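Shown next, in structure tokens, is the structure this report addresses.
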Amino acid sequence: MKAGTNLEKVLKAGNFAVTAEIGPPKGGSAKVIESKGEELRHSADAFNVTDNQTAVVRMSSLAACAILRRMGLDPVMQMLCRDRNRIMLQSDICGAVALGIGNLLCLTGDHVKFGNHPESKVVFDIDSVQLIATVKAMRDGGKFISGEEIAGPIPMFIGAVENPYADPFEYRTARLDKKVKAGADFIQTQAVYDVPKFSQWMDEICAAGIDERTHILAGIIPVKAVGMARYMRDYVSGVEIPDWMIKRLEKSKDVKEEGIQIILEIIEEIKLIPGVHGIHIQAVGWEEIVPEIVERAGLLPRPML
């Protein structure tokens, strides 16, 4: 398949990619998306837009991605299986193509009990692996799940997520392989803080040859407060924050700067790990720090392809 999106071109050219996350507003203001897009424009190759993350109602990922595309940026539309059946999933994929959106990140989604409408009915008609396979069939086979032919091409660079730390740890490689076989062109991981354990996982990925069949971007979440680090360690599933990191933040006179320095050290270590093709920076609510992190990490300017 000929490279289409900027993210796809950067990865297929062998460059170390940078993606950044943009959280849509709890409302209909296009200016919020435009402001964040302009702020991050030169700091990343593509921009993820979350899809009602943590089951909290926000502007749709499809609409926010369309705004970014209008600005000349390369959006990554996140799509959850939680809220749509297979009809709506395929419909929104067609709509994204019509709007020039060419990257799709497929996720199952957090349960509604964690959000601001816990009484909502969940859908989960298909899961993320089935969604990946659906997009691949639409793109490469030109057919809907029903077998009916699609009127026109569906050029999509397909993404998935993976948590290198989730238990049982020994099954993580097999889980990722399943997503890649289904059609995932790129993978964005959960936040990496425990680099040795992430490196161990990547050793297994490379031994299985999975890194040659997909592009792996390590997740990066900047921490600006000790309380945030403790909360993520204690309550966010799949995130492993080492004790040394908590202690460094506690002892620091400037916690934000220390948090940035820790992230920069992690990025430097990640860049040396075989099989890693880039990073995905998730700084929702703190997007303004992304340009500084990318610049200080020596990842500017971004390639122009």
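Scanning the stretch 166-197 for residues that are over 16 Å from the mean Cα position of the chain (by Cα) and among the hydroxyl-bearing types (Ser, Thr, Tyr) turns up Tyr171, Thr173, Tyr193.
Within the stretch 100-118, the set of residues being out of contact with any Asp or Glu (no Cβ under 8 Å at 6 or more places or on another chain) and within 20 Å of Asp185 (Cβ to Cβ) comprises Gly100, Ile101, Leu104, Leu105, Cys106. If a residue has to be touching a residue at least 40 places away in the same chain (Cβ under 8 Å) and part of a loop (DSSP other than H, G, I, E, B) to count, how many in the stretch 154-175 make the cut? Number satisfying all stated conditions: 6. Among the numbered conditions (1) part of a loop (DSSP other than H, G, I, E, B); (2) surrounded by fewer than 19 Cβ atoms within 10 Å (Cβ to Cβ); (3) without any contact (Cβ under 8 Å) to a residue 40 or more places away in the chain, tell me where Ser120 comes up short. That leaves (3) as the condition not met.
With the condition kept exactly as written, say whether any residue in the stretch 133-144 is assigned to a loop (DSSP other than H, G, I, E, B), under 21 Å from Pro155 (Cα atoms) and in contact (Cβ under 8 Å) with a residue 60 or more places away in the chain. No, every residue in the stretch 133-144 fails to be assigned to a loop (DSSP other than H, G, I, E, B), under 21 Å from Pro155 (Cα atoms) and in contact (Cβ under 8 Å) with a residue 60 or more places away in the chain. Across the stretch 10-67, the number of residues qualifying as charged (D, E, K, R), in a helix (DSSP H, G or I) and within 19 Å of Leu105 (Cβ to Cβ) comes to 2. Going through (1) over 27 Å from Asp125 (Cα atoms); (2) surrounded by fewer than 19 Cβ atoms within 10 Å (Cβ to Cβ) one by one, Ala17 falls short only on (2). Is it fair to say Asp211 is more than 16 Å from the chain's Cα centre (by Cα), surrounded by fewer than 14 Cβ atoms within 10 Å (Cβ to Cβ), in a helix (DSSP H, G or I) and not basic (Lys, Arg)? Here the answer is no, as Asp211 does not meet what is asked.
For the stretch 182-219, the set of residues classified as hydroxyl-bearing (Ser, Thr, Tyr) and closer than 21 Å to Phe157 by Cα consists of Thr189, Thr214, listed by residue number. For the stretch 277-305, a tally of residues being touching a Ser or Thr at 6+ places or on another chain (Cβ under 9 Å), among the aliphatic types (A, V, I, L, M) and at pLDDT 95 or above returns 7.
Could you say which residue among Ala96, Ala66 is in contact (Cβ under 8 Å) with a residue 12 or more places away in the chain, closer than 24 Å to Gly219 by Cβ, among the small types (Gly, Ala, Ser) and out of contact with any Lys or Arg (no Cβ under 8 Å at 6 or more places or on another chain)?
Values: Ala66 fails: closer than 24 Å to Gly219 by Cβ.
The conditions single out Ala96.
Find all pairs meeting these conditions: Cβ atoms under 6 angstrom apart; at least six residues apart or on different chains; first residue within the stretch 24-48 and surrounded by 15 or more Cβ atoms within 10 Å (Cβ to Cβ) and aliphatic (A, V, I, L, M); second residue modelled with pLDDT of 95 or more and part of a loop (DSSP other than H, G, I, E, B). That search, which allows pairs on different chains as well, returns Val32/Pro25; Ala46/Asp74.
The values are calculated or read from the model by the stated rules, or taken from the named source; none is laboratory data. Small disclaimer: the values here were computed from a predicted structure and weren't measured. Reconstructed Cβ throughout: ideal geometry from the backbone, glycine too, with neighbour counts over all protein chains shown.
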